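Asker: Following this message is one structure expressed as structure tokens.
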Amino acid sequence: MSEPKVFEKPLGMRDFLPDMAERKRFLELRIQRVMEQWGYREIITPTLEFYDTVGAASATLTNRMFKLLDREGHTLVLRPDMTAPIARVAASLTDAPYPLRFLYHASVYRAQEQEAGRNAEFYQTGVELLGEASPGADAEVMALALSCLQEAGVKGYKLALGHVGLLDGLLEENVDDPRLRAELKEDLLRRDYVAFRQRLEQSALSCGQQERLLALLHVYRGEEGLSALSRLVGGPRSQEALVNLQEIWELLNGYGVSQDVILDLTLIGFLNYYTGAVFEGFAEGYGFPVLSGGRYDHLLRRFGTDAPATGFALKVDRLLEVSQIQPEQPERVVVAYRPGQIRQAIARAQALRRAQPPKAVEMIALPDGWEAERRAAFVARQKRRGVDEVVFLEGEGLT
Amino acid sequence: MSHLVIALPKGRILEEAHQLLTKAGLPLPPELEDSRKLWVRIPETAIEIILAKPMDVPTYVEYGAADVGIAGKDVLLEQSRDVYELLDLQIGACRLSVAGLAEQAGRPLRRVATKYPQIASQYFRAKGQQVEVIQLHGSIELAPLTGLAEAIVDIVSTGRTLRENGLVELEEMMPITARLIANRVSYRMKYRQIEMLLDKMRRQLAKESGS
């Protein structure tokens, strides 16, 4: 491999220059305020975790994790998501006063194979609600997710809601062969409906069974969806899941957000990770989901505690692309002074910084023998830098 | 209602795709294929067509630059893009095959040239064969003739190109048809529009297979 150029970064890593960094911070804080209003508190966990614990519990594929060795030879990973680290923390809190409501801002890391330009470091802001199995918890995180999208200035957002229990239940009730069941689920996971249909047609399943499974592929709007689904369920597992979905729907109605939610049973997320309601958030005119989440009741078991949990992560990088909101910036002022005027300049700058509303003040020394004729050019240059106002300390006041 | 952007592949499949869409009731302009325009608005509908290289159609759809698209299964397998595969359009039918000189039959392969390096290496790996895969961008048939590789992996429809170059099909790998694909967000956000298009095409396909 050739030597990296001095300005190069490792593949998939990015710099955020001030304009973008300010937008990102502004958006994160706006969203954090909403999460705090719902009782969530910030938690910070380390960037490096053990591969054998957090890495293995994560939904991310092993071959997409960044791994390194510590001095004792343990394999470490750059955290591939925040859900597993938070589950680790929650499980370690003895006598944890459940429910726990955590929020986080963190970068997560996933190695990319396909394209050179794709990111490998992602910024996520999210919540985890641990120790609550009720449909109220599912509805709460979904309603909160919608509030966050609204607060982030996302236009035309929608949430797609699926249910792993309902999907698994319907597959179990209609397909006896566990291998065929796994293959059908795999087809849905790969979003390959053509293969799903072909597999059904070639199977020995009855017409009724095939029809019930094909109905899975529909995307439904709200109530019509729930009544359509009630005609499909036949066994205890899917029945229980349907009741759960209906209760969640009722509560989403209670939050007044059900018009922003569509039902999509093919939503699985990751294989064998989520256990109940799962959801993804979309913005109009943007090709990738801007958030994803769901219930994962088995994860904490891997850390030695049994507690149900749900949560979601907003993809901050994508939100930055769809958000219509610009940060509120203080007025930017330059105090320009001649040699010998630095004390007055400091006093002036400090006063402006303490003014109401406070200003963002830079001090710039003018060279010796600076002539007043050059003032217009100086001001023009500062305006190009985004400065709103230039103050010359020459006894002539503001320009 | 927002527009539905359909990505169509230039070249081999375009004529059949054009016919299928027209018969399914989409008022496409007849000169779609001859025109040099890459972006066509269909009057009196909420539909726009973009014409892309076949290998690029899944990319436009994955990123949401197009809502739906028509792509060959060969391209989908090679690229493994995150898109919905909604319907087998049964056009552009052909097969992926291993081909080479007749005397190569039954002999182990060391080097294989192809436009489909992912598919080829997966195929040989799954069979436990250790094969070096060489990526080429066209005129693949040259590879066995020049000794660059013993065999090629490519799509075969009539087999004429192979015959004209003195090559034979050594192994059929899998049948290939064109598929209707959709962006994962568009499929939820523009579900009704996409479902309407799907419905029209399904009905046309049923009519054709019935006749």
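The values are calculated or read from the model by the stated rules, or taken from the named source; none is laboratory data. Since this is a predicted model, take the numbers as computed values, not measurements. Don't worry about glycine lacking a Cβ; one is built from the backbone with ideal geometry, like all the others, and counts go over all protein chains shown.
Asker: Counting only residues that are surrounded by 18 or more Cβ atoms within 10 Å (Cβ to Cβ) and either of a type in the set (G, A, S) or farther than 14 Å from A:Q32 by Cα (or both), how many does region A:124-135 have? Give the derivation first.
Answerer: Filtering region A:124-135 down to residues surrounded by 18 or more Cβ atoms within 10 Å (Cβ to Cβ) leaves A:124-130, A:132, A:135.
Cutting the leftovers down to either of a type in the set (G, A, S) or farther than 14 Å from A:Q32 by Cα (or both) gives us A:126, A:129-130, A:132, A:135.
So the answer is 5.
Asker: State whether one or more residues within region A:279-298 are among the charged types (D, E, K, R), out of contact with any Asp or Glu (no Cβ under 8 Å at 6 or more places or on another chain), more than 12 Å from chain B (Cβ to nearest Cβ) and surrounded by fewer than 22 Cβ atoms within 10 Å (Cβ to Cβ).
Answerer: yes
Asker: Just one of (1) under 28 Å from A:L17 (Cα atoms); (2) of a type in the set (K, R); (3) surrounded by 13 or more Cβ atoms within 10 Å (Cβ to Cβ) trips up A:R348, so point out which.
Answerer: Condition (1) is where A:R348 drops out.
Asker: If you don't mind, there's one more thing I want to ask. Anything in region B:105-122 that is farther than 25 Å from A:G287 by Cβ and within 14 Å of chain A (Cβ to nearest Cβ)? List them, or say none.
Answerer: B:P117, B:S121, B:Q122
Asker: Can you report the number of residues in region B:149-196 which are part of a helix (DSSP H, G or I) and within 14 Å of chain A (Cβ to nearest Cβ)?
Answerer: Qualifying residue count, region B:149-196: 10.
Asker: Check region B:118-132 and report whether any residue there is assigned to a strand (DSSP E or B), crowded, with 19+ Cβ neighbours inside 10 Å and not hydrophobic (A, V, I, L, M, F, W, C).
Answerer: No, because not a single residue in region B:118-132 is assigned to a strand (DSSP E or B), crowded, with 19+ Cβ neighbours inside 10 Å and not hydrophobic (A, V, I, L, M, F, W, C).
Asker: Just give me the residues in region A:220-249 being at pLDDT 90 or above and either charged (D, E, K, R) or not assigned by TED's automatic domain parsing to the domain that holds A:D176 (or both), in sequence order.
Answerer: Correct list: A:R237, A:E240, A:E247.
Asker: Can you tell me how many residues within region A:172-181 are outside any loop (DSSP other than H, G, I, E, B) and either in contact with a Lys or Arg (Cβ under 9 Å, 6 or more places away or on another chain) or outside the structural domain of A:V219 (by TED's automatic domain parsing) (or both)?
Answerer: 4
Asker: When you go through (1) within 14 Å of chain B (Cβ to nearest Cβ); (2) without any contact (Cβ under 8 Å) to a residue 24 or more places away in the chain one by one for A:R110, which number turns out not to apply?
Answerer: If we test A:R110 against (1) within 14 Å of chain B (Cβ to nearest Cβ); (2) without any contact (Cβ under 8 Å) to a residue 24 or more places away in the chain, just (2) comes out false.
Asker: Taking the conditions exactly as written (farther than 20 Å from B:S186 by Cα and without any contact (Cβ under 8 Å) to a residue 40 or more places away in the chain), does B:G106 satisfy them or not? Please lay out each step first, then the result.
Answerer: Numbers: farther than 20 Å from B:S186 by Cα: yes; without any contact (Cβ under 8 Å) to a residue 40 or more places away in the chain: yes.
It is true that B:G106 is farther than 20 Å from B:S186 by Cα and without any contact (Cβ under 8 Å) to a residue 40 or more places away in the chain.
Asker: Name the single residue, out of those in region B:1-51 being surrounded by fewer than 15 Cβ atoms within 10 Å (Cβ to Cβ) and hydrophobic (A, V, I, L, M, F, W, C), that is nearest to the other protein chains (Cβ to nearest Cβ).
Answerer: Of everything passing the filter in region B:1-51, B:M1 is nearest to the other protein chains (Cβ to nearest Cβ).
Asker: Just name the residue that is modelled with the highest pLDDT out of those in region A:48-61 that are surrounded by 14 or more Cβ atoms within 10 Å (Cβ to Cβ) and assigned to a loop (DSSP other than H, G, I, E, B).
Answerer: Among residues in region A:48-61 that are surrounded by 14 or more Cβ atoms within 10 Å (Cβ to Cβ) and assigned to a loop (DSSP other than H, G, I, E, B), the one modelled with the highest pLDDT is A:S58.
Asker: Can you tell me which of (1) at pLDDT 90 or above; (2) under 26 Å from the mean Cα position of the chain (by Cα) is the one A:A377 doesn't meet?
Answerer: Single failed check for A:A377: (2).
Asker: Separate question: Within region A:184-214, track down each residue that is facing another protein chain (nearest Cβ under 10 Å) and not aliphatic (A, V, I, L, M). Give the steps one after another, and end with the answer.
Answerer: Of region A:184-214, the ones facing another protein chain (nearest Cβ under 10 Å) are A:187, A:190-198.
Those that are facing another protein chain (nearest Cβ under 10 Å) and not aliphatic (A, V, I, L, M): A:D187, A:R190, A:R191, A:D192, A:Y193, A:F196, A:R197, A:Q198.
Asker: Counting only residues that are touching a residue at least 40 places away in the same chain (Cβ under 8 Å) and surrounded by 17 or more Cβ atoms within 10 Å (Cβ to Cβ), how many does region A:90-105 have?
Answerer: Residues in region A:90-105 being touching a residue at least 40 places away in the same chain (Cβ under 8 Å) and surrounded by 17 or more Cβ atoms within 10 Å (Cβ to Cβ): 7 in total.
Asker: Shifting gears a bit: Given the conditions (1) of a type outside the set (V, I, T); (2) within 14 Å of another protein chain (Cβ to nearest Cβ); (3) crowded, with 19+ Cβ neighbours inside 10 Å, report the number of the one that A:A145 does not fulfil.
Answerer: Every condition holds for A:A145 apart from (2).
Asker: Among the residues of region A:62-99 satisfying the criterion of being among the charged types (D, E, K, R) and in a loop (DSSP other than H, G, I, E, B), which is nearest to the chain's Cα centre (by Cα)?
Answerer: Let us first name the residues in region A:62-99 that are among the charged types (D, E, K, R), namely A:64, A:67, A:70-72, A:79, A:81, A:88, A:95.
Filter again for in a loop (DSSP other than H, G, I, E, B), leaving A:70-72, A:79, A:81, A:95.
Values: A:D70: 29, A:R71: 33, A:E72: 34, A:R79: 15, A:D81: 10, A:D95: 29 Å.
By that ranking, first place goes to A:D81.
Asker: Considering only strands (runs of 3 or more DSSP E) fully contained in region B:58-104, which possess at least 1 residues that are surrounded by 18 or more Cβ atoms within 10 Å (Cβ to Cβ) and more than 9 Å from every other protein chain (Cβ to nearest Cβ)?
Answerer: Filter on region B:58-104 gives B:68-72, B:94-100.
Asker: Condition check: in a helix (DSSP H, G or I), in contact (Cβ under 8 Å) with a residue 24 or more places away in the chain, more than 30 Å from A:P367 (Cβ to Cβ) and outside the structural domain of A:Q382 (by TED's automatic domain parsing). Does A:R318 satisfy that?
Answerer: So A:R318 passes the test.
Asker: Quick one: is A:A160 more than 14 Å from chain B (Cβ to nearest Cβ) and either in contact (Cβ under 8 Å) with a residue 24 or more places away in the chain or crowded, with 16+ Cβ neighbours inside 10 Å (or both)? Step through it out loud before you land on a result.
Answerer: Values: more than 14 Å from chain B (Cβ to nearest Cβ): no; either in contact (Cβ under 8 Å) with a residue 24 or more places away in the chain or crowded, with 16+ Cβ neighbours inside 10 Å (or both): yes.
So A:A160 fails the test.
Asker: A further question follows. Suppose we filter A:L129, A:L200, A:L159, A:L146 for residues that are within 21 Å of A:R237 (Cβ to Cβ) and in the same structural domain as A:L93 (by TED's automatic domain parsing); which single one remains?
Answerer: A:L200
For (1) within 14 Å of chain B (Cβ to nearest Cβ); (2) touching a strand residue (DSSP E or B) at 6+ places or on another chain (Cβ under 7 Å); (3) not in a strand (DSSP E or B), each residue gets a yes or a no:
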{"position": "A:V141", "(1), (2), (3)": "no, yes, yes"}
{"position": "A:G153", "(1), (2), (3)": "no, no, yes"}
{"position": "A:G156", "(1), (2), (3)": "yes, no, yes"}
{"position": "A:L167", "(1), (2), (3)": "no, no, yes"}
{"position": "A:L170", "(1), (2), (3)": "no, no, yes"}
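Asker: Residues of region B:33-57 being among the acidic types (D, E) and assigned to a loop (DSSP other than H, G, I, E, B), which ones?
Answerer: Taking region B:33-57 as the starting set, the residues that turn out to be among the acidic types (D, E) are B:33-34, B:44, B:48, B:56.
Once the filter is applied, which keeps residues that are among the acidic types (D, E) and assigned to a loop (DSSP other than H, G, I, E, B), region B:33-57 yields B:D34, B:E44.
Asker: Now for a different question. For region A:299-312, enumerate the residues that are buried (at least 24 other Cβ atoms within 10 Å of the Cβ) and either within 15 Å of the chain's Cα centre (by Cα) or farther than 21 Å from A:E42 by Cβ (or both).
Answerer: If the condition is that a residue be buried (at least 24 other Cβ atoms within 10 Å of the Cβ) and either within 15 Å of the chain's Cα centre (by Cα) or farther than 21 Å from A:E42 by Cβ (or both), then A:T310, A:G311, A:F312 are the ones that fit.
Asker: Look through A:L217, A:L263 and report the one residue that is at pLDDT below 90, under 21 Å from B:L86 (Cα atoms), touching a Phe, Trp or Tyr at 6+ places or on another chain (Cβ under 7 Å) and within 13 Å of chain B (Cβ to nearest Cβ).
Answerer: It is A:L217.
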